[in-house]
Amino acid sequence: MSTQTDADHGATGLPDTREAVRRWDACDPLAPLRDAFALPAGQIYLDGNSLGALPRETAARVQAVIEAQWGHDLVSSWNRAGWVDLPQRVGDKIGRLIGARPGETLAADSTSINLYKLLAAALRLRPERRCVVVAADEFPTDLYMAEGLLGLLGDRYELRLVEEGASVADAIDRDTAVVVLGHVNYRSGVLYPMAELTEAAHRQGALILWDLAHSAGVIPLSVAADGVDFAVGCGYKYLNGGPGAPAFLYAASAHQAQLSTPLSGWFGHAQPFAFEPRYRGADDIRKLLCGTPPVLALSALEVGVELALQAPMDQVHAKSLRLVELFMGRVRARLRDAALIPFGPAAAAERGSQVCLRHPQAWPIMQALIARGVTGDVRAPDILRFGFAPLYLRYVDVWDAVEHLAEIILTASWDRPEFRAPRTVT
Ligand SMILES: *Cc1c(COP(=O)(O)O)cnc(C)c1O
């Protein structure tokens, strides 16, 4: 991109005018992909890290599965349409996005449940160790699931919480069985160095389980090359699989022979249709399946994953960095004196594809933004969170979003009763 020499660029190298930002869009190699999404007109969607946008093809694909496969072919579709292999088929496509080898990734269950299965399986691989290391500011479901599992196992285990800002590597010792870590923290946006921390865990003989909810589909990943033991992640965020889409799990092939799942449902059986009275796990990644796969939801997820595979990950990441930098630069330019406190790392390269800003009136400010067609979200207690999905966002959306934010804050137009009303989902 030749934007650095543009006359409209200020000392920071960022565009100073909306016109210059439009030129960034004009030479964005990913710009054509936006058309593959059904975004409502006038909507600036900065919440793709919570619920990804709807691909145009999803409705037709799911409709075909409903009418032809379910409606007409009925139960024969388990074989004929390959429903039975969907978790592996979609899993392997996700595997390509995260740098896994074929046969190491499954699309199944929710992130919470996959974390439970893999954490239990990992603990069994380190039976003599007594400690699980987790970041204290981790997405709560990871903490809750670990707490529930360890509770079930009696008082054998310590859940060691690493306080925000403290070194994860220093918390790992010879008693650590497993480290559970979100690759990108959902709130601060901190991006942890995957290869480095995986190696730190291995140096102590521990295993590592990465939660890729906020990095799969937006940050280049190479789980196999980085020696990652296990990973989980979401289907409904940057993979655009739809609300409540199945999640995914990754288990390195080197571990698969020794792994056993705590949720020994029939779909993980070596021969589900032998209907044997005793459980005997499959000898490959399928041993981590539990019950019948959600065919409609997996079909929708497959569309989102196929779209993500169309975009070269280095281009996606480069655009993510630029969207983040532009947003932060515009906030500095327009809102220097406002009571906004940037939260998380200053350098775009040290964060995920999101920006968080603290403000005592975060909730009503976000409601005022949403009323203007700019959607982000709020994370307790006072954090305005903006996510940047490079497949469908334009640079001009970022420019306009900050203009709206500035108007709302500088004129205090958030200060109205209708913007203060609480909601269940934030
Ligand atoms: C969104 C998210 C989840 C969600 O888990 P579900 O089981 O799908 O509800 C888990 N972990 C992280 C880090 C997340 O950001």
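Quick notes on this one:
- The accessible-area ordering, largest first, of the residues I370, I365 stands as I370, I365, per a 1.4 angstrom probe.
- Inter-probe distance in nm under a simple model that places probes 7 Å from Cα toward Cβ, at D73 and A347: 5.1 nm
- Portion, in percent, of the accessible area of the chain that falls on carbon or sulfur, probe 1.4 Å: 55 percent
- Unit charges at the beta carbon, dipole of the chain: most positive-side option, L340, Y395, I66: I66
- Sequence-separation-based contact order of the chain, relative, with Cα cut under 8 Å and 6+ spacing, percent: 21 percent
- Residue-normalised accessible area of segment 146-284, expressed per residue, 1.4 Å probe, Å²: 40 Å²
- Electrostatic dipole magnitude of the chain [Cβ: Lys, Arg +1; Asp, Glu -1; Cα centre; debye, to 20]: 420 debye
- Here each label is just a point 7 Å from Cα along the line to Cβ, and for Q258 and E147 those points are 3.0 nm apart.
- From the alpha carbon centroid of segment 121-159 to that of segment 233-261 is 19 Å.
- In the complete set of protein chains, residue-level accessible area for E350 is approximately 110 Å², probe 1.4 angstrom.
- Taking the Kirkwood radius as Rh and the Cα radius of gyration as Rg, the chain has a ratio of Rg/Rh equal to 0.99.
- Modelled this way, with points 7 Å down the Cα-to-C-beta line, the labels at F275 and D415 are 7.1 nm from one another.
- Working from Cα pairs under 8 Å separated by at least six residues, relative contact order for segment 1-125 is 10 percent.
- With the charge dipole of the chain set up from +1 on Lys and Arg Cβ and -1 on Asp and Glu Cβ about the Cα centre, the Cα lying farthest toward the positive end among the listed residues A225, L249, N49 is that of L249.
- Charge dipole (the chain, unit charges on Cβ, about Cα centre) - positive-most of L152, P15, I208: L152
- Of Y279, Y236, the order by accessible heavy-atom surface (1.4 Å probe, DNA, RNA and ligands excluded), from most exposed downward, is Y279, Y236.
- Only Cα pairs under 8 Å and 6+ residues apart enter the sum, and on that basis the relative contact order of segment 193-256 stands at 29 percent.
The values are calculated or read from the model by the stated rules, or taken from the named source; none is laboratory data. What you see is a predicted model, and the numbers here were worked out from it, not measured in a lab. Every residue, glycine among them, receives a Cβ derived from its backbone with ideal geometry; neighbour counts consider all protein chains shown. Surface accessibility is based on the protein's heavy atoms, side chains included, excluding ligands, DNA and RNA. Shrake-Rupley method; radii C 1.70, N 1.55, O 1.52, S 1.80 Å.
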